[in-house]
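The values are calculated or read from the model by the stated rules, or taken from the named source; none is laboratory data. Values in this document were obtained by computation on a predicted structure and should not be read as measured data. For neighbour counting, all protein chains shown are included, and Cβ atoms are generated from backbone atoms with ideal geometry for every residue, glycine included.
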Amino acid sequence: MTEAGVRVPALEDAEEAEKEAGRVSKIPVVPQGAPWTAVERVMFERRSIRKFRKTQVPAHVIRRLLEVARFAPSQGNCQPWKLVVVRDAAMIQGMEDFCVGECRKLTESLDYATMRKGSLKYRVARAKTKVFGRLQPNMLHPVPITACTAIAQGRFAVFHHAPTVILVLMDKRAIGVPAIDIGICGTNIVLAAQSLGLGTCWVGFSKFLNESKEWCAKFGAEDPFEIEEAICVGYPVGDTTHLIPRETHETAWFEGGKRELIY
Ligand SMILES: Cc1cc2nc3c(=O)[nH]c(=O)nc-3n(C[C@H](O)[C@H](O)[C@H](O)COP(=O)(O)O)c2cc1C
C-alpha cells in the first residue's frame with residue numbers, strides 16, 4: 001500500500017541487483033515505497049468536474065493546454081485532431097440548447113414505454129429501438145440512455161455551464177484508430193488542466209453537434225473532420241482534493257515462465 005492508498009505491484013529493486021553484480025547503477029529506478037510523483041498524483045486526483053465557478057480561465061492558461069495537446073502521441077504521428085476553443089457564454093448556451101433538443105428527439109422517438117400501447121407511434125418506436133439496439137447496443141446502455149433522458153428533461157447539463165469548452169475534432173482519415181489518438185490528446189489536456197488547479201469534464205454528448213450543418217460549418221467539422229469529444233474547462237466549485245475510490249481490475253502478469261494474477 002502506498003501513500004495514495006493504491007496497490008501497485010512490487011518494483012524489483014534493480015539498483016540492488018546492479019550492486020550485487022558489482023556495477024554502479026545509472027538506471028533511475030524509483031525505490032520501492034517512494035512517494036508518488038507529481039505526475040502520478042495529478043492522475044490520482046483528477047476527477048470529472050460538473051460544477052464550475054463563473055470566473056473565466058485566463059486565455060494564456062488555455063494556451064498552455066493547447067500546447068500540451070500538441071505533444072500527444074498518435075499512430076504514425078498522424079495527429080488526427082483539430083481543437084476548437086469556445087469561450088462565449090451565449091455560444092456555449094446555443095450548443096447546449098441544440099444538444100438538449102437532440103436528446104429530446106432521441107428519447108421521444110425511442111421511449112415507447114411512455115406511448116399508448118399498440119398505437120402506431122408505439123409500434124414504430126418499439127421497432128426502431130429493436131433495430132437501434134442491434135446496430136448500436138452500447139448506445140442503449142442504461143448510463144447514456146438515463147443521461148440522455150435527464151438532459152432532455154433539463155435535469156442534467158451537457159456542458160455543465162463551464163466557461164470554456166474545448167471541442168476535439170477528429171480527422172477520420174488517420175491510420176489506425178484515430179479515436180484513440182483523440183483520447184490521448186484530450187488526456188494531455190485534462191491532466192495538464194488538473195495540474196494547473198482547473199477542473200475538466202469530457203463530454204461525449206457533444207457528438208450531437210455533428211447533426212447540425214451550422215455548428216459543423218462554424219467549427220470546421222466537415223468531412224474528413226467530425227466532432228469526437230468536448231472537454232469542459234473551468235475552476236471547480238467546492239473542495240475536489242480527496243481521492244475517489246476505484247475498483248481494482250484483474251491483471252495477468254507473465255514472468256519467469258509463470259502466470260500470476262495481480263489486482
Ligand atoms: C470519452 C468520455 C466521454 C464522457 N462523456 C461525458 C458526458 O457527456 N457527460 C458527463 O457528465 N461526463 C462524461 N464523461 C465523464 C465520465 O462519466 C467519468 O469520467 C466517469 O464517470 C469516471 O469518473 P471520473 O472522471 O470522475 O473519474 C465522459 C468521460 C469520457 C472519458
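Restricting attention to segment 228-238, the residues that are within 12 Å of the ligand (Cβ to nearest atom) and either on the phi > 0 side of the Ramachandran plot or more than 13 Å from the chain's Cα centre (by Cα) (or both) add up to 1. Only one of the numbered conditions (1) closer than 22 Å to GLY204 by Cβ; (2) charged (D, E, K, R); (3) in contact (Cβ under 8 Å) with a residue 60 or more places away in the chain is violated by ARG64, and that is (1).
Report yes if some residue within segment 43-55 is on the phi < 0 side of the Ramachandran plot and exposed (fewer than 10 other Cβ atoms within 10 Å of the Cβ); otherwise report no.
We begin by selecting, within segment 43-55, every residue on the phi < 0 side of the Ramachandran plot; these are 43-55.
With the extra rule that they be exposed (fewer than 10 other Cβ atoms within 10 Å of the Cβ), the set shrinks to 55.
Yes, some residue in segment 43-55 is on the phi < 0 side of the Ramachandran plot and exposed (fewer than 10 other Cβ atoms within 10 Å of the Cβ).
Reported count of residues in segment 149-172, each being crowded, with 19+ Cβ neighbours inside 10 Å, among the small types (Gly, Ala, Ser) and either assigned to a helix (DSSP H, G or I) or modelled with pLDDT under 95 (or both), is 1. When segment 197-220 is filtered for residues that are assigned to a helix (DSSP H, G or I), surrounded by fewer than 19 Cβ atoms within 10 Å (Cβ to Cβ) and under 16 Å from the mean Cα position of the chain (by Cα), the ones remaining, listed by number, are GLY204, LYS207.
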